[in-house]
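These notes concern the structure reproduced below.
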Amino acid sequence: MKKLLGVALVAISIGLFSFQVAISIEDVISAMRVGNASKLSEYFDARVDVSLPGRSDNYSKSQAEMILKDFFHSNKVRSFDVKHRGENKDGSLFCVGTLETSIGAYRAKFFMKNKAGDQVLQEIGFELMQ
């Protein structure tokens, strides 16, 4: 009985120590809903493709954060409405929605990829809707 209890305690301990909070697409959606570039940057990969009207490139994590801070500062976010989201066969996640701002509505999209067991944001883009 003591042996069984010892094995159970070891198994539970290993399980607790190996527990890792997974990044979900919901975390990114929540950050988009309030226009929080700092929170979004927590999910960025080392390099991120950022597409804005008149500006698109691949940026470092810190550059991408600054660019999005500037974007959200100029475009006060009112809401983000998810239109479609899903998962590809390789485990990557994507989301498309409408970002309502003080300037107007943008078609927003982002793509997350599973990298070393974590979901990281690799692409984010905004296109002004007419």
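Please treat every number below as a calculation from the coordinates, not as lab data. No experiment lies behind these values; they were computed from the predicted model shown. In this analysis, Cβ positions are derived from the backbone assuming ideal geometry, glycine residues included, and neighbour counts consider all displayed protein chains.
This model, with +1 at the C-beta of Lys and Arg and -1 at the C-beta of Asp and Glu, gives region 24-128 a dipole about its Cα centre of some 180 debye. Ordering Val120, Val34 by the number of other Cβ atoms within 10 Å of each residue's own Cβ, fewest first, gives Val34, Val120. Residues whose amide H lies under 5 Å from that of Asn75, counting only those 5 or more places away or on a different chain, are absent; hydrogens are built 1.01 Å from N in the peptide plane. Please name whichever of Val28, Gln119, Gly54 sits farthest to the positive end of the charge dipole of region 24-128, dipole taken about the Cα centre and charges placed at Cβ: Lys and Arg +1, Asp and Glu -1. Of the options given, the answer is Gly54. Taking label points 7 Å from Cα along the Cα-to-Cβ direction, Glu127 and Ile103 give a separation of 1.7 nm.
Extension gain, Asp90-Arg78: 0.36 nm per intervening residue step, less the Cα-Cα distance, totals 1.0 nm.
In this structure, the pairs whose alpha-carbon distance is over 19 Å, taken from Lys69/Lys113; Lys83/Lys115; Lys89/Lys115; Lys89/Lys113, are Lys69/Lys113; Lys83/Lys115. Phi angles of region 67-72 translate, via the Karplus equation with coefficients 6.51, -1.76, 1.60 and θ = phi - 60°, into HN-Hα couplings of 5, 5, 4, 5, 4, 5 Hz per residue; Gly and Pro are given as x.
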